[in-house]
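Report on the structure given below.
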Amino acid sequence: MAEPERIPCPVCGEKIIATASICRFCGEQVGEVRPSREEGDSTGGVIPYKNMPALIAYYCGVFSIIPCFPIGIVAVVLGIMGLKRAKQHPEVKGKAHAWIGIIAGGIFGLIWTATTVLGIIAAAAGR
Ligand SMILES: [Zn+2]
């Protein structure tokens, strides 16, 4: 087995493994500190915190599965807002969330609206 490459620690000068991120002699951080992919975004952009309409649209879309509340309409409106925001500011992300909100909210919003309308018609016709 080959000896791992050793470099002198930039802080204390002791020989340390080149791939080490912390010097085992002085405990200082050495080597390159991995830059975070997103400034101030620990989730790596999975959750679009900077695009609230898209995020809320996503949750409204998910919750629009529950009948009896027209939250699907809210999801569609917020989803469109989120998409516009993502278009104007690509760094805010959230396009996927916005689309999920629009699609889920649209489908379930339509289903529950249709169900409600048909229910009212049926009730009215039954009188
Ligand atoms: Zn050191």
| note | The base-10 log of I(q)/I(0) that the Debye equation returns for segment 52-126 at q = 0.24 Å⁻¹, one scatterer per C-alpha, is -0.86
| request: Read phi for every residue in segment 78-84 and hand back ³J(HN,Hα) as whole Hz from Karplus 6.51 cos²θ - 1.76 cosθ + 1.60, θ = phi - 60°, with x for Gly and Pro. | output: 5, x, 5, 4, x, 5, 4
| remark: Pseudo-spin-label distance GLN88 to ALA18, built 7 Å along Cα→Cβ, given in nm, is 5.0
| field | Residue-normalised accessible area of segment 52-126, expressed per residue, 1.4 Å probe, Å² | value | 62
| Label-point separation (nm) for GLU5 and THR113, each offset 7 Å from Cα along Cα-to-Cβ? | 6.2
| query | Can you list the residues, at least 5 places off or on another chain, whose amide H is less than 5 Å from the amide H of ARG6, using H built in the peptide plane? | reply | ALA18
| field | Alpha carbon centroid spacing (whole Å) that separates segment 104-127 from segment 73-97 | value | 28
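The values are calculated or read from the model by the stated rules, or taken from the named source; none is laboratory data. Because the structure is a prediction, the values reported are computed rather than measured. Positions of Cβ are backbone-derived with ideal geometry, glycine not excepted, and every protein chain shown enters the neighbour counts. Only protein heavy atoms, including side chains, enter the accessible area calculation; ligands, DNA and RNA are left aside. Shrake-Rupley method; radii C 1.70, N 1.55, O 1.52, S 1.80 Å.
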